[in-house]
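Chemist: Sharing a structure below in structure tokens format, with a few things to ask.
The values are calculated or read from the model by the stated rules, or taken from the named source; none is laboratory data. Just so it is clear, the structure is predicted and the values come from calculations on it, not from any experiment. Every residue, glycine as well, gets a Cβ built from its backbone with ideal geometry; the counts of neighbours run over all protein chains shown.
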Amino acid sequence: MRGSRYTGDVLTFGAAMLMGSSYPFAKDVLEVMSPLLYSASRYLVASLFLFAAMVVLRREMTLQRRDWLPMLLLSLIGVTLFQACWGLAMARSAPSLGSIVMTTTTAFSAIIAWLGGRRLPALGWAGIAIAFAGVVVVVNNSLAAITLTDVSPDGTLLWLLAAFAWALYVDRGAPYNRRLGALPVMAWTTLLGSLVLLPISLLFDSPREFALLDDRLLGFWLYTAIFPVGVAFLGLTAGLDRLGVSRVMLYMYLIPVAGVGLSAAFFGDPLTVARVLGGLVVLAGVILTRVALDRATRVPV
């Protein structure tokens with residue numbers, strides 16, 4: 001049992017770091033490729049990887065008739081909407097900002113839980129307030145002056161919408177993860193969501209954009225399809241099976257560490273004092289919110 005939990009810890013840690021690594025690599029690809037086409041194409045490749053993994057692991061791939069509609073609805077929220085906002089936000093803002101703002105998923109999870117009738121103590125509301133205060137510091141990116149008027153709000157609002165979409169996907173998908181297994185749910189929603197987003201992207205974009213990618217950018221595109229989505233989701237499902245939702249969610253706080261660190265070290269994204277402190281404030285807020293949720297209900301969100 002202890003070995004199984006240790007394996008779950010290692011796999012979940014690796015998944016979180018891989019998910020965070022997508023931010024800087026994606027930014028370079030989006031200098032050439034349209035956001036919707038990028039998001040749709042990489043998630044389609046990732047879905048094929050996940051189905052291949054199910055074949056290797058001999059997991060049941062078929063869905064019962066009653067599960068098709070829920071999987072489609074989950075895919076519209078957790079892939080189509082989430083990835084559309086993710087790609088558009090990434091094209092409009094710094095990857096370090098995005099990786100930090102996305103941690104507000106836990107705050108949105110708490111709000112969704114409260115709207116669903118679950119009790120949220122004062123600690124939870126304090127955590128939500130602290131997290132969003134940290135977002136303001138990150139977006140302002142200065143401790144000496146108010147610079148919000150100089151910042152385009154589009155990217156931040158899209159990041160927040162993406163965080164909300166992911167929180168809603170996790171909340172509504174929890175019963176299906178328990179009944180069907182996390183891997184089939186992720187595989188089917190990733191496939192269906194990408195198949196919905198792809199024709200939408202082709203209304204505005206052209207597949208000829210792939211010809212604009214040089215070997216380096218094509219490698220980045222393939223990397224962000226296979227590793228931060230396919231391999232990371234595979235590790236995440238293994239972590240969920242061994243550790244449960246609450247413990248896995250703690251590891252998700254490592255995502256901005258990978259995103260911000262790689263962005264600053266290798267891709268020239270400036271790492272300011274304000275952004276570091278704001279990120280720490282956001283993390284403090286979401287951790288408080290997570291603790292409040294676990295104490296209040298013990299129901300995964």
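Chemist: If you check every pair at least six apart or on different chains, which have Cβ atoms under 9 Å apart with a residue in the stretch 66-82 that is more than 21 Å from VAL229 (Cβ to Cβ) first and a residue that is of a type in the set (Gly, Ala, Ser) and part of a helix (DSSP H, G or I) second?
Modeler: From residues that are more than 21 Å from VAL229 (Cβ to Cβ), the pairs are PRO70/GLY173.
Chemist: Can you tell me which residue among SER96, SER109 is over 23 Å from GLY261 (Cβ atoms), in contact with an Asp or Glu (Cβ under 9 Å, 6 or more places away or on another chain) and buried (at least 17 other Cβ atoms within 10 Å of the Cβ)?
Modeler: SER109
Chemist: May I pose another question? For the stretch 185-267, which helices (runs of 4 or more DSSP H) that fit wholly inside it have 1 or more residues that are modelled with pLDDT under 90?
Modeler: By residue number, 232-243, 245-251, 255-266.
Chemist: Could you check the stretch 180-198 and list, in sequence order, the residues that are surrounded by fewer than 24 Cβ atoms within 10 Å (Cβ to Cβ) and within 11 Å of THR80 (Cα to Cα)?
Modeler: LEU191, LEU192, LEU195, VAL196, LEU198, listed by residue number.
Chemist: Tell me, which helices (runs of 4 or more DSSP H) wholly within the stretch 1-78 include 1 or more residues that are modelled with pLDDT under 85?
Modeler: 2-29
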